[in-house]
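Right, one structure below, let's go through it.
The values are calculated or read from the model by the stated rules, or taken from the named source; none is laboratory data. Remember, predicted model here, so these are calculated numbers, not experimental data. Note: ideal-geometry Cβ built from the backbone for every residue, glycine included; neighbour counts use all protein chains shown.
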Amino acid sequence: MNPDHREAVLGPGGCLATALTDGEAVVFRVAGDCMEPEVDDRATVRLKRPGFLVPGDVVAFHDPQNHRLVVHRFLGYVRRRGEWKLLVKADRGVQPDPLVAKSCLLGKVITRDGEACRVSPAKRLKAVGQYTACCLRYFIRSHLT
């Protein structure tokens with residue numbers, strides 16, 4: 001897919017984002033194991049545009065640098081240069097991803113392989129802990145070095 005076509009589908013004003021904004025649910029297949037066992041490689045996920053996100057939610061977003069859709073866990077919001085961004089991380093990842101612009105968020109995973117995607121309280125608590133640790137690291141780097 002050439003970059004213009006990719007942007008027309010995946011970009012902030014693309015047809016996928018437009019369908020989700022209009023309230024439609026979108027289904028696609030995941031490739032990769034970075035979210036196992038929550039979302040297995042080759043799982044089919046259904047996305048819907050969320051009203052709001054809660055730490056621990058599994059979200060899909062467009063990664064404009066690598067030109068792909070990504071499904072990772074939402075940890076929380078971070079304000080950078082006057083703009084709110086999403087802090088996300090793969091369950092098997094060591095570090096969080098680079099901050100994600102809100103305009104790149106496609107939706108929240110509501111089903112996987114036809115079953116509701118329910119996030120356990122333990123996974124939500126873990127996401128809050130990871131978010132807090134990231135914020136503390138940033139504070140220490142920016143204020144105490």
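For region 73-95, how many residues are over 18 Å from P50 (Cβ atoms) and within 11 Å of the chain's Cα centre (by Cα)? Working first, answer last.
Kept after step one, since they are over 18 Å from P50 (Cβ atoms), are these residues of region 73-95: 79-83, 90-95.
When the remaining residues are screened for being within 11 Å of the chain's Cα centre (by Cα), the result is 90.
The qualifying residues number 1.
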Item to complete: Restricting attention to region 108-127, report how many residues are among the hydrophobic types (A, V, I, L, M, F, W, C), surrounded by fewer than 17 Cβ atoms within 10 Å (Cβ to Cβ) and part of a helix (DSSP H, G or I).
Response: 2
Discussion item. Can you confirm whether V30 is at pLDDT 90 or above and either surrounded by 14 or more Cβ atoms within 10 Å (Cβ to Cβ) or within 23 Å of Y131 (Cα to Cα) (or both)?
Written reply: no
Item to complete: Give just the number: which of (1) in contact (Cβ under 8 Å) with a residue 12 or more places away in the chain; (2) not in a helix (DSSP H, G or I) does Q130 not satisfy?
Response: (2)
Discussion item. As an exercise: evaluate H62 against (1) surrounded by fewer than 13 Cβ atoms within 10 Å (Cβ to Cβ); (2) in a strand (DSSP E or B); (3) not β-branched (V, I, T) and give the number of the one condition it does not meet.
Written reply: (1)
Worksheet item: Quick check, is G56 at positive phi and either among the hydroxyl-bearing types (S, T, Y) or assigned to a loop (DSSP other than H, G, I, E, B) (or both)?
Response: yes
Practice prompt. Kindly indicate the residue of region 109-124 that is without any contact (Cβ under 8 Å) to a residue 12 or more places away in the chain and among the hydrophobic types (A, V, I, L, M, F, W, C) and also nearest to V78 (Cα to Cα) among those meeting that condition.
Written response: A122
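Looking at V109, is it in contact with a strand residue (DSSP E or B) (Cβ under 9 Å, 6 or more places away or on another chain), of a type in the set (A, V, I, L, M) and under 21 Å from A43 (Cβ atoms)? Give the derivation first.
Working: in contact with a strand residue (DSSP E or B) (Cβ under 9 Å, 6 or more places away or on another chain): yes; of a type in the set (A, V, I, L, M): yes; under 21 Å from A43 (Cβ atoms): yes.
Judged against the criteria, V109 is a match.
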Item to complete: Go over the candidates R46, R79 one by one and state the one that is over 21 Å from A122 (Cβ atoms), free of Cβ contacts under 8 Å to residues at least 12 places away in the same chain and not in a loop (DSSP other than H, G, I, E, B).
Response: R79
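One line per residue, one yes/no per condition, for (1) modelled with pLDDT under 90; (2) buried (at least 20 other Cβ atoms within 10 Å of the Cβ); (3) among the hydrophobic types (A, V, I, L, M, F, W, C):
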| position | (1), (2), (3) |
| --- | --- |
| L47 | no, yes, yes |
| L53 | no, no, yes |
| R68 | yes, no, no |
| R81 | yes, no, no |
